[in-house]
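Asker: If you scroll down you'll find the structure; I have some questions about it.
The values are calculated or read from the model by the stated rules, or taken from the named source; none is laboratory data. Source: prediction; values computed, not measured. Reconstructed Cβ throughout: ideal geometry from the backbone, glycine too, with neighbour counts over all protein chains shown.
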Amino acid sequence: MSSKFQAVCQPTNPNPNETPKRQILDLDDESQVLYVPRDTCYVASPGLPDLVYSGHQPHAHSWDEFPPLKDILEAVHKALPGSCFNSLLLNRYKGGNDYVGWHSDDEKLYGSAPEIASVSFGCDRDFFLKKKPGKKSNAKEGRNNEEPASKRLKRSGHAGQHSFTLKHGSLFVMRGYTQRDWLHSVPKRAKADATRINLTFRRIV
Ligand SMILES: O=C(O)CCC(=O)C(=O)O
């Protein structure tokens, strides 16, 4: 394989600790390849500002093109009274090699404390959350500060990291400052041998 491959920093992803959701590699001055480690589809209500993430602006499909998605949106609105989502990012993980790297959905168009409702279908996959570098631990963790760090690390595996298994039919909600203060990811999993579809409903304000 050529040693000329070089990762290109994404201008819209200023935090070097985040993995862009899409990766662009420079082959030489004139050539680039783009790698997205899963399939994606974006749906949004008409008249909203364009979504741009990791230097990419996805085409906004209409809800009318996917009637089942409108039904699921209605069910999510019922499950979360007061919610009013107007856009959706769909991810299809075809198997355990498909993944999404560490990132946060902190694009300005979602506002400062967005609620994101995530519905999963198909293969169970692990979902990880970890604090962004420089963000303080919460008060509960602070109270445990007298305990040596080595002891705390052993107990939790990865200090300050939370893991969840997102199962078929589950609804997982991130709200408050989760996007401001935390990164999330769905890592590769050798044993995940079936397709998973994840729908993340968001509100563009
Ligand atoms: O597939 C998932 O559960 C997470 C998807 C995600 O992180 C995203 O769409 O930003």
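Asker: Can you pull out every residue in the range 55-76 that is within 17 Å of the chain's Cα centre (by Cα) and either within 15 Å of the ligand (Cβ to nearest atom) or within 22 Å of Val205 (Cβ to Cβ) (or both)?
Answerer: His56, Gln57, Pro58
Asker: Starting from the range 194-205, take each residue that is among the hydroxyl-bearing types (Ser, Thr, Tyr) and list its partners that are outside any loop (DSSP other than H, G, I, E, B) and within 12 Å of the ligand (Cβ to nearest atom), counting only C-beta distances under 7 angstrom and pairs at least six apart or across chains.
Answerer: Sorted first by the residue in the range 194-205, then by its partner, the pairs are Thr195/Arg92; Thr195/Tyr93; Thr195/Gly122; Thr200/Leu88; Thr200/Leu89; Thr200/Ile116; Thr200/Ser118.
Asker: Follow-up question, since we're still on this one. Which one is nearest to Leu48 (Cα to Cα), of the residues in the range 102-132 that are near the ligand (Cβ under 9 Å from one of its atoms) and not β-branched (Val, Ile, Thr)?
Answerer: Asp105
Asker: Would you be able to say whether some residue in the range 47-54 is outside any strand (DSSP E or B), within 16 Å of the ligand (Cβ to nearest atom) and out of contact with any strand residue (DSSP E or B) (no Cβ under 9 Å at 6 or more places or on another chain)? Show your work before the answer.
Answerer: Within the range 47-54, the first condition is being outside any strand (DSSP E or B), and the residues that meet it are 47-52, 54.
Those left that are additionally within 16 Å of the ligand (Cβ to nearest atom): 51-52, 54.
Filter once more, so that each one left must be out of contact with any strand residue (DSSP E or B) (no Cβ under 9 Å at 6 or more places or on another chain): 52.
Yes, the range 47-54 has at least one match.
Asker: Could you list, in sequence order, the residues of the range 95-115 that are among the hydrophobic types (A, V, I, L, M, F, W, C) and either surrounded by 15 or more Cβ atoms within 10 Å (Cβ to Cβ) or modelled with pLDDT under 95 (or both)?
Answerer: Val100, Trp102, Leu109
Asker: If you take the residues in the range 77-94 that are more than 14 Å from the ligand (Cβ to nearest atom) and touching a residue at least 12 places away in the same chain (Cβ under 8 Å), which one is surrounded by the fewest Cβ atoms within 10 Å (Cβ to Cβ)?
Answerer: Top of the filtered list is Cys84.
Asker: Across the range 145-183, what is the total count of residues that are in a strand (DSSP E or B) and at pLDDT below 95?
Answerer: 1
Asker: Tell me, which residue of the range 34-43 that is of a type outside the set (S, T, N, Q) and within 14 Å of the ligand (Cβ to nearest atom) is surrounded by the most Cβ atoms within 10 Å (Cβ to Cβ)? Step through it out loud before you land on a result.
Answerer: Here is the first cut: in the range 34-43, the ones of a type outside the set (S, T, N, Q) are 34-39, 41-43.
Applying the additional criterion that residues be within 14 Å of the ligand (Cβ to nearest atom) yields 36-39, 41-43.
Working: Val36: 15, Pro37: 18, Arg38: 18, Asp39: 13, Cys41: 17, Tyr42: 17, Val43: 23.
Out of the qualifying residues, it is Val43.
Asker: Let me ask something additional. Scan the range 96-126 residue by residue and report those that are touching a helix residue (DSSP H, G or I) at 6+ places or on another chain (Cβ under 8 Å) and under 15 Å from Thr165 (Cβ atoms).
Answerer: Val119
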